[in-house]
Amino acid sequence: MQGNEPSLNRRMFLRGAAGVLGAVAAPGLLAACTRNDAQSEASPAADPDPGTAPENLDFEAPDGGGSADGLRVGLLVPTSGVYTTLGSAMVQGFNLFVGENLDAFGGRRIETVTVDEGETPESGVEAAQRLLNEEQVDLVVGIVSSGVALNVRDLFDQGQVPLIIANAGAGALTGQARSPYLFRTSFSNAQEGYALGQYMYDNVTEQGVYLIGPDYAAGIEHLVGFRKAYEEAGGVVLRESHPAFATTEDYTPFLDEIKEIDAEAVWAFFSGAEAVRFVQQYAEAGLQDDVPLLGTPLTDENWIEAQGDAAEGVRSSLHYALDLDLDRNRQFVSAYQAAYGVMPSSFSVQAYDAAQLLALGLQATEGDTSNMEAFIEAMASIEEIDSPRGAFTLDGNRNPVQSFYLRTVEDGEIVYTEDLGVVADPLN
Ligand code: PHB
């Protein structure tokens, strides 16, 4: 493999690997790129700028030019498209931990540069190439979409650059296509889907479930995970549907199908703007009171307001709940709210914990990343991450083993309902 050739310069290789993946159309090279070297003029409370550290946290603004003790971190998140709100929560979460813990990075000063992942594998690959080749970052944190993560995997593995995935759940990345350079502080898609299977069987219905999620890796794998747990419990799935990702505006054909086959419950994976659309149309179709809607994430602090009454009663499982009864969580929520004037969500937590993982790795090597093998081994050896979601560990594939929680929307708020237990990736 080229990545093992000691004589090959890392940057030269990255250019080569980009070619192997197939060059992506040039115009998109103008993807948004925000260097975190300027403070926003707007108040973070009124208009949180995802590329900017909170002003009231005494965050040392990086100079963006690199320095002996600076570590350049690329934040690869969507700042456009259906997953934009997830991206801004992630940048805020990452910046919060850095701003609160400037001395926790083994003497290194964290400099960030944010690049737009966009919505498609093409936009994501282009953004990753830009971070690695032009911005010359030392490592990358982020990635919302499984479609993007799967397509940039080789750039990091072969280029020997660490990637801490703070959302995208594609199973292969911590399964058959795992790499020593890949870490995940979020979940695998099947793991997130698996969490509600037994609950559905015990508390909602033993048969007649309709499954739905968009037609790309995340939509497919979440359903595989749910189906596995539900069928293992003895449940019967009626049908599974996969509307086109990001382009489906009207879910009527699928909602009609739910009525036609007399489904007893629906389990769905939709996120960001797609979750807003689906939940609203579910209520408009008259299904809200008749056919219980469960799934993940479906509701989120970033978009619950946009969903309005349509979200009432929706049950979801995630590894985080805003009102989780833990001191660590209470501290986190109040610091986040003070910094940004908005509530955090699971996406903020995932990136906050990516910063924690980075800090723990750097502490172990006393800030030294010149021996990359030693640095990634140090991150892989971290025993536990003290997260607002509750402490969690990484499995041998570097995917979290963690508790999942049932959350129910009551009076416009997503309320912790019960602990669904610790769930590991059920497939790897
Ligand atoms: C994914 O593409 O892996 C993905 C996207 C949004 C989510 C979860 C997973 O909320």
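The values are calculated or read from the model by the stated rules, or taken from the named source; none is laboratory data. Only a predicted model underlies this, so the values are computations on that prediction, with no experimental measurement involved. Every residue, glycine among them, receives a Cβ derived from its backbone with ideal geometry; neighbour counts consider all protein chains shown. Ligands, DNA and RNA are excluded from the accessible area calculation, which covers all protein heavy atoms including side chains. Shrake-Rupley method; radii C 1.70, N 1.55, O 1.52, S 1.80 Å.
Can you find a residue in segment 247-263 that is at negative phi, of a type in the set (Phe, Trp, Tyr) and within 15 Å of the ligand (Cβ to nearest atom)?
First pass over segment 247-263, keeping only residues at negative phi: 247-261, 263.
Now narrow it down to the ones that are of a type in the set (Phe, Trp, Tyr): 251, 254.
In the following step, the residues that additionally are within 15 Å of the ligand (Cβ to nearest atom) were identified as none.
For segment 247-263, residues at negative phi, of a type in the set (Phe, Trp, Tyr) and within 15 Å of the ligand (Cβ to nearest atom): absent.
Among the residues that make up segment 231-238, is at least one of them within 16 Å of the ligand (Cβ to nearest atom) and either without any contact (Cβ under 8 Å) to a residue 60 or more places away in the chain or crowded, with 18+ Cβ neighbours inside 10 Å (or both)?
Start the filter on segment 231-238 by keeping residues that are within 16 Å of the ligand (Cβ to nearest atom), which leaves none.
Within segment 231-238, none of the residues are within 16 Å of the ligand (Cβ to nearest atom) and either without any contact (Cβ under 8 Å) to a residue 60 or more places away in the chain or crowded, with 18+ Cβ neighbours inside 10 Å (or both).
What number of residues in segment 121-147 are touching a residue at least 60 places away in the same chain (Cβ under 8 Å) and either farther than 20 Å from residue 379 by Cα or not assigned by TED's automatic domain parsing to the domain that holds residue 95 (or both)? Full working, then the answer.
Of all residues in segment 121-147, those touching a residue at least 60 places away in the same chain (Cβ under 8 Å) come to 122-123, 125-127, 129-130, 132-133, 135-147.
After this cut, where a residue has to be either farther than 20 Å from residue 379 by Cα or not assigned by TED's automatic domain parsing to the domain that holds residue 95 (or both) as well, the list is 122-123, 125-127, 129-130, 132-133, 135-136, 144-147.
The total comes to 15.
Could you grab the pairs with beta carbons closer than 6 Å, sequence gap of 6+ or different chains, first residue in segment 239-262 and more than 13 Å from residue 211 (Cα to Cα), second one crowded, with 17+ Cβ neighbours inside 10 Å?
Filtered contacts from segment 239-262: 245/214; 245/216; 246/82; 246/119; 251/278; 251/281.
Among the listed residues 201, 181, 194, which satisfies the condition of being touching a Pro at 6+ places or on another chain (Cβ under 8 Å), modelled with pLDDT of 95 or more and away from the ligand (no atom under 15 Å from the Cβ)?
Details: 201 fails: touching a Pro at 6+ places or on another chain (Cβ under 8 Å); 194 fails: away from the ligand (no atom under 15 Å from the Cβ).
Exactly one residue qualifies, and that residue is 181.
Would you confirm whether any residue within segment 393-407 is over 24 Å from residue 107 (Cβ atoms) and without any contact (Cβ under 8 Å) to a residue 12 or more places away in the chain?
The answer is yes, given that some residue of segment 393-407 is over 24 Å from residue 107 (Cβ atoms) and without any contact (Cβ under 8 Å) to a residue 12 or more places away in the chain.
Read through the list (1) within 14 Å of the ligand (Cβ to nearest atom); (2) more than 30 Å from residue 379 (Cα to Cα), then give the number of the only condition that residue 189 fails.
Looking at each condition in turn, residue 189 falls short on (2).
Report, by residue number, each residue of segment 96-132 that is basic (Lys, Arg) and within 16 Å of the ligand (Cβ to nearest atom). Please lay out each step first, then the result.
To start, the set of residues in segment 96-132 that are basic (Lys, Arg) comprises 108-109, 130.
Within segment 96-132, none qualify.
I'd like the residue in segment 167-178 that is within 11 Å of the ligand (Cβ to nearest atom) and touching a residue at least 40 places away in the same chain (Cβ under 8 Å) and, out of all such residues, is farthest from residue 150 (Cα to Cα). Talk me through it step by step, then tell me what you get.
Going through segment 167-178, the residues within 11 Å of the ligand (Cβ to nearest atom) turn out to be 167-171, 173.
From the residues that got through so far, the ones that are touching a residue at least 40 places away in the same chain (Cβ under 8 Å) too are 167-171.
Working: 167: 12, 168: 9, 169: 10, 170: 7, 171: 9 Å.
Residue satisfying both the conditions and the ranking: 167.
Restricting attention to segment 133-150, which residues are farther than 13 Å from residue 182 by Cα and either within 13 Å of the ligand (Cβ to nearest atom) or open to solvent by less than 10 Å² (accessible area, probe 1.4 Å) (or both)?
Going through segment 133-150, the residues farther than 13 Å from residue 182 by Cα turn out to be 133-138, 144-148.
Selection gives 137, 144, 145, 146, 147, 148.
What are the residues in segment 73-91 that are away from the ligand (no atom under 12 Å from the Cβ) and in contact with a Leu (Cβ under 8 Å, 6 or more places away or on another chain), if any?
Result: 73, 74, 76, 91.
Just to be sure, is residue 329 open to solvent by less than 40 Å² (accessible area, probe 1.4 Å) and within 21 Å of the chain's Cα centre (by Cα)? Give the derivation first.
Working: open to solvent by less than 40 Å² (accessible area, probe 1.4 Å): yes; within 21 Å of the chain's Cα centre (by Cα): yes.
It is true that residue 329 is open to solvent by less than 40 Å² (accessible area, probe 1.4 Å) and within 21 Å of the chain's Cα centre (by Cα).
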